[in-house]
Amino acid sequence: MKDLTVIIPAYNEEKRIRPTLMELGKYFSKSSIECEVIVVVNNSTDNTVDVVKEVAKSYEFIKVMNIKGYTGKGGAIARGVKIGKGKYVAYQDADGSSSIKDLVKGFNMLKKNPELDLVMGSRYMRKSEISGDMPVYRFVLSRMFNVAVRTLFGLKFADTQCAVKVMKRHVAKKLMKILVANKWTVDVNLLIDSKFNGFKVREFPIKWIYKAESKLNFRKAFKEVSLELAKLKMYQLKKSFSKIRYNYSRANLNSMKND
């Protein structure tokens, strides 16, 4: 078994993924951490697969899985979790907006704190650093989304969307079994289920570089995010009701036994 599985979901990332993989390759080829990097290419129409295969020739622990049908970010991560062999599982974006040092920081945090189940990077904690020409409207939208998530789901985190997350193997497998949201809000989905399962989650500050997203259609994204949040709220309410009903039935059963 490996120490760590790093999953990178990728969709049409031929122009940005090479530096990310080179950084991971150079670091883990010299590190004592036994790691595997699984790039899950999802329904790409460019040469992302070829770029990954080319880099993988230099680093045998880098692997590629090519999914023809669309699964979304969540589905891609779930496929990686299914075949991963690491004691710990992490995922990050393909664009290199976060550094390998922060990913390893999360890995070490989990190892040193066995009471934790999942740790995640945050761009908005006191010691976090953001660089790059991030437009003001992107910052505002990000903070508005965070307020919506806190209000709707009671998730009191500074940044649910940062794609630097590390978790224990069994936690990853349980969280990835059922995903209601497979695209924009998969991170919120994971945190909702972490709360229901009693998993202990901690944020840590990271250094993050803003990378412009040329493929993003804001009107389409807003509509999809809104639909996903509505779906997740229904999912949360359903799970909450099921838990209340279960606890009520259990309390009645114990009362009957005592009588």
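The values are calculated or read from the model by the stated rules, or taken from the named source; none is laboratory data. Computed from a prediction, not measured in an experiment: that's the story for all the values here. Cβ placement follows ideal geometry from the backbone for every residue including glycine, while neighbour counts extend to all protein chains displayed.
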* **Residue satisfying all of: in region 151-174; hydrophobic (A, V, I, L, M, F, W, C) and under 9 Å from the mean Cα position of the chain (by Cα); surrounded by the fewest Cβ atoms within 10 Å (Cβ to Cβ) among these** => Ala163
* To do: Please specify each residue of region 124-168 satisfying the condition of being part of a loop (DSSP other than H, G, I, E, B), under 28 Å from Gly84 (Cβ atoms) and of a type outside the set (A, V, I, L, M, F, W, C).
  => Ser128, Asp159, Thr160, Gln161
* Asked: Under 8 Å by Cβ, and 6 or more places apart or on different chains, what pairs join a residue from region 145-164 that is over 22 Å from Asp93 (Cβ atoms) with one that is polar (S, T, N, Q)?
  -> Phe153/Gln236
* **Among (1) modelled with pLDDT under 95; (2) of a type outside the set (Phe, Trp, Tyr); (3) farther than 24 Å from Asn189 by Cβ; (4) in a helix (DSSP H, G or I) - the single one Lys15 does not satisfy** => (4)
* Condition broken by Lys105, with the remaining ones in (1) in contact with an Asp or Glu (Cβ under 8 Å, 6 or more places away or on another chain); (2) modelled with pLDDT of 95 or more; (3) surrounded by 15 or more Cβ atoms within 10 Å (Cβ to Cβ); (4) of a type outside the set (A, V, I, L, M) satisfied -> (1)
* **Matching residues in region 66-86 - criterion: being modelled with pLDDT of 95 or more, crowded, with 17+ Cβ neighbours inside 10 Å and not in a helix (DSSP H, G or I)** => Gly84, Gly86
* Is it fair to say Val225 is assigned to a helix (DSSP H, G or I), among the hydrophobic types (A, V, I, L, M, F, W, C) and at pLDDT below 95? -> yes
